[in-house]
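Shown next, in structure tokens, is the structure this report addresses.
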Amino acid sequence: MKLAQDIIIKPIITENSMKGVSERKYTFQVAKDSNKIEIAKAVEELFGVKVSKVNTINVRGRFRRQGIKCGYTPATKKAIVTLKADSKGIEFFEGMN
């Protein structure tokens, strides 16, 4: 069994993801082998909130060049977590606004 800390890697703080905070949508980078049920349970356990739904996105690695060397950045997985209306917000994101 995976721990919640192993599923939720880090929050994603971008201008576009911060627009979703007002709609109770929070974006995280998650482990590539995790599913929506595991992500929902991990967020509920770590932050003490109630999750309404989870949308996941597989992000392909980008092509990068440095001089002669060429390659791709690692592929990742993002999760957009929507909270229930009666749930409290996540304090980490609330302090960013």
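When only DSSP loop residues count, what chymotrypsin sites (Phe, Trp or Tyr not before Pro) in the range 1-69 have their Cβ near at most 15 other Cβ atoms within 10 Å?
The qualifying sites: there are none.
Return the aspartates and glutamates within reach of Lys88: Cα separation strictly under 16 angstrom, same-chain partners fewer than 8 residues apart disregarded; answer none if there are no such residues.
Excluding near neighbours in sequence, the set is Glu23, Glu44, Glu45.
I want the local charge near Ala85. Using Cβ-Cβ distances under 12 Å, sum +1 for each Lys or Arg and -1 for each Asp or Glu among the other residues.
Within the 12 Å Cβ shell, the charges total +2.
Tally up the carbon and sulfur contribution to the accessible surface of the chain as a whole percent, 1.4 Å probe, everything protein left in place.
51
Could you run the Karplus curve 6.51 cos²θ - 1.76 cosθ + 1.60 with θ = phi - 60° over the range 25-36 and give me ³J(HN,Hα) per residue in whole Hz, x for Gly and Pro?
10, 10, 10, 9, 8, 10, 5, 5, 9, 8, 10, 5
Amide H of Ser52 versus every other amide H placed in the peptide plane: which residues, excluding those fewer than 5 positions away on the same chain, fall under 5 Å?
When sequence neighbours closer than 5 places are left aside, the close amide H contacts are Thr82, Leu83, Lys84.
Hey, could you grab the Kirkwood Rh for the chain? Inverse mean 1/r over distinct alpha carbon pairs, Å, one decimal.
This gives a value of 14.4 Å.
The values are calculated or read from the model by the stated rules, or taken from the named source; none is laboratory data. The shown structure was predicted, so the numbers you read here are calculated from the model rather than taken from an experiment. Note: ideal-geometry Cβ built from the backbone for every residue, glycine included; neighbour counts use all protein chains shown. These accessible areas exclude ligands, DNA and RNA; they are computed on the full protein's heavy atoms, side chains included. Shrake-Rupley method; radii C 1.70, N 1.55, O 1.52, S 1.80 Å.
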